[in-house]
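The values are calculated or read from the model by the stated rules, or taken from the named source; none is laboratory data. Please read these numbers as outputs of a predicted model, since none were measured by experiment. Reconstructed Cβ throughout: ideal geometry from the backbone, glycine too, with neighbour counts over all protein chains shown. To get the accessible areas, we keep the full protein, side chains included, count just its heavy atoms, and leave off ligands, DNA and RNA. Shrake-Rupley method; radii C 1.70, N 1.55, O 1.52, S 1.80 Å.
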Amino acid sequence: EKHTVLSKFLVTIGVDEATAIEDACKMEHDIIEELSREHGCIIATGGGAVLDYSNIHNLRRSGRIYFIDKTPAQLIPTDDRPLSRSMDALEKLYATRRQAYLKAAEITIDGSLSFEDAASEILKSLC
């Protein structure tokens, strides 16, 4: 979510969309690096965060990486997310990124679970 907020903000101040997305990724990296120094916090990242190995390293430094594996059919395209504006775009992202998500994740959660059941699975893994 921060990635979308950051890129939208940059566009509103006159940065072109492609540059805004790239700069938001850099900011996301810096935010992850800073937050990963903390302990006992949950960091929900954008989908591209784990494509950068330094982000994976920083996230693992302070905890575990979970991947809630939702298929494109379980997601809703949205105009406010540049890379997932259509079902076709979501399917392409899933196809190109899923292996990276699985590789980065220490624990994969079934995306068909309800929010409560997914949270319960995460809590069980902490014990």
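Can you name the residue in segment 28-56 that is under 21 Å from L93 (Cα atoms) and among the hydrophobic types (A, V, I, L, M, F, W, C) and is also least open to solvent (accessible area, probe 1.4 Å) among such residues? Explain how you work it out, then say what you get.
Narrowing segment 28-56 to residues under 21 Å from L93 (Cα atoms): 28-29, 44-56.
From what is left, the residues that are among the hydrophobic types (A, V, I, L, M, F, W, C) are 44, 49-51, 56.
On the way: A44: 96, A49: 0, V50: 20, L51: 91, I56: 18 Å².
The selected residue is A49.
Check segment 8-19 and report whether any residue there is more than 29 Å from S114 (Cα to Cα), open to solvent by less than 50 Å² (accessible area, probe 1.4 Å) and in contact with a Ser or Thr (Cβ under 7 Å, 6 or more places away or on another chain). Lay out the reasoning, then the answer.
Applying the first criterion (more than 29 Å from S114 (Cα to Cα)) to segment 8-19 yields 8-19.
Of the ones still in play, those that are also open to solvent by less than 50 Å² (accessible area, probe 1.4 Å) are 10, 15.
Within this subset, residues satisfying the condition of being in contact with a Ser or Thr (Cβ under 7 Å, 6 or more places away or on another chain) are none.
No: segment 8-19 contains no residue that is more than 29 Å from S114 (Cα to Cα), open to solvent by less than 50 Å² (accessible area, probe 1.4 Å) and in contact with a Ser or Thr (Cβ under 7 Å, 6 or more places away or on another chain).
Taking segment 101-118 as the region of interest, how many residues are assigned to a helix (DSSP H, G or I) and buried (at least 16 other Cβ atoms within 10 Å of the Cβ)? Please lay out each step first, then the result.
Applying the first criterion (assigned to a helix (DSSP H, G or I)) to segment 101-118 yields 101-104, 115-118.
Subset that is buried (at least 16 other Cβ atoms within 10 Å of the Cβ): 101, 104, 118.
Number of matching residues: 3.
Looking at the structure I just gave you, is D80 more than 29 Å from K124 (Cβ to Cβ) and touching a residue at least 40 places away in the same chain (Cβ under 8 Å)? If you could, list the steps in order and put the result at the bottom.
On the way: more than 29 Å from K124 (Cβ to Cβ): yes; touching a residue at least 40 places away in the same chain (Cβ under 8 Å): yes.
For D80, the condition - more than 29 Å from K124 (Cβ to Cβ) and touching a residue at least 40 places away in the same chain (Cβ under 8 Å) - is met.
Please determine whether any residue of segment 6-28 is of a type in the set (S, T, N, Q), in a helix (DSSP H, G or I) and without any contact (Cβ under 8 Å) to a residue 24 or more places away in the chain.
As a first pass, look at segment 6-28 and keep what is of a type in the set (S, T, N, Q): 7, 12, 19.
Restricting the remaining residues to those that are in a helix (DSSP H, G or I) gives 7, 12, 19.
The next check asks that each one be without any contact (Cβ under 8 Å) to a residue 24 or more places away in the chain; those that pass are 12, 19.
Among the residues of segment 6-28, at least one is of a type in the set (S, T, N, Q), in a helix (DSSP H, G or I) and without any contact (Cβ under 8 Å) to a residue 24 or more places away in the chain, which makes the answer yes.
Does L83 meet the test of being aliphatic (A, V, I, L, M) and within 22 Å of A18 (Cβ to Cβ)? Write out each step before concluding.
Details: aliphatic (A, V, I, L, M): yes; within 22 Å of A18 (Cβ to Cβ): yes.
It is true that L83 is aliphatic (A, V, I, L, M) and within 22 Å of A18 (Cβ to Cβ).
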How many residues of segment 26-80 are under 18 Å from F9 (Cβ atoms) and among the aromatic types (F, W, Y)? The answer is 0
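Might you check whether a residue that is modelled with pLDDT of 85 or more and either basic (K, R) or more than 15 Å from the chain's Cα centre (by Cα) (or both) occurs anywhere in segment 46-60? Full working, then the answer.
Here is the first cut: in segment 46-60, the residues modelled with pLDDT of 85 or more are 49-60.
From the residues that got through so far, the ones that are either basic (K, R) or more than 15 Å from the chain's Cα centre (by Cα) (or both) too are 60.
Scanning segment 46-60 turns up at least one residue that is modelled with pLDDT of 85 or more and either basic (K, R) or more than 15 Å from the chain's Cα centre (by Cα) (or both).
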Filtered residues of segment 88-113 (kept if aliphatic (A, V, I, L, M) and within 22 Å of L126 (Cβ to Cβ)) = L102, A104, A105, I107, I109, L113
Pick out the one residue from I42, I13 that is β-branched (V, I, T) and over 30 Å from L126 (Cβ atoms).
-> I13
Please go through segment 72-87 and pick out each residue that is of a type outside the set (V, I, T) and open to solvent by 80 Å² or more (accessible area, probe 1.4 Å).
-> A73, D79, R81, L83, R85
